[in-house]
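I have placed the structure first, in the form of structure tokens, so that the comments after it can refer back to it.
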Amino acid sequence: MAFSGKYAFVGNFTGFNRFNTQHQPRVTWPASFPLVRAYYAQALRTGTMKKATADSVRKFVDRAERFTDGPQKNAAVAQLRAVSHQLDTSVGAQATPAKALDDLADALSLKA
């Protein structure tokens, strides 16, 4: 799978453990800020997110990424959870980034 532009590095997270004869491997992306941003960009392109919500998501994700290292890690987790609850999960394009935000919050909370 080829990626281009500012999300090209997301392709570095892929890998397959076993051969699938039908060439239909299941791709599982690890929780990460690049993945959240990719799903956010995808949701923006659908036009289903209000501008205020989109701005809030961007700000909260940026702030959470700054907080991930050091004593503010719990604040980063709280930021991600708070912004995930602002998304309308009944809209498919917003449900995906909401789940990615929750998954990232879970991963950060488990990180030592």
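Only the coordinates and a few stated rules stand behind these numbers; no lab work does. Everything quoted here is computed from the prediction, not taken from an experiment. Virtual Cβ from ideal backbone geometry, glycine too; neighbours counted across all protein chains shown.
Just tell me which lysines come within less than 16 Å, Cα to Cα, of Lys73; anything on the same chain fewer than 8 places away is out.
List returned: Lys111.
What does the extension gain come out to for Gln72 and Lys50, with contour length at 0.36 nm per residue minus their alpha carbon separation?
5.0 nm
Using per-residue counts of other Cβ atoms within 10 Å, averaged over each peptide, order 34-46, 97-109, 51-63 from highest down.
Result, highest mean first: 97-109, 34-46, 51-63.
Please give the FRET efficiency for Phe19 paired with Lys111, using the beta carbon to beta carbon distance and R0 = 41 Å, rounded to the nearest 0.05.
Plugging the Cβ-Cβ distance into 1/(1 + (r/R0)^6) gives 0.80.
Which ³J(HN,Hα) values, rounded to whole Hz and listed in residue order, are derived for the range 40-54 from phi using the Karplus coefficients 6.51, -1.76 and 1.60 in 6.51 cos²θ - 1.76 cosθ + 1.60 with θ = phi - 60°, glycine and proline given as x?
Those phi angles translate into 4, 4, 5, 5, 4, 5, 6, x, 9, 10, 5, 4, 4, 5, 4 Hz.
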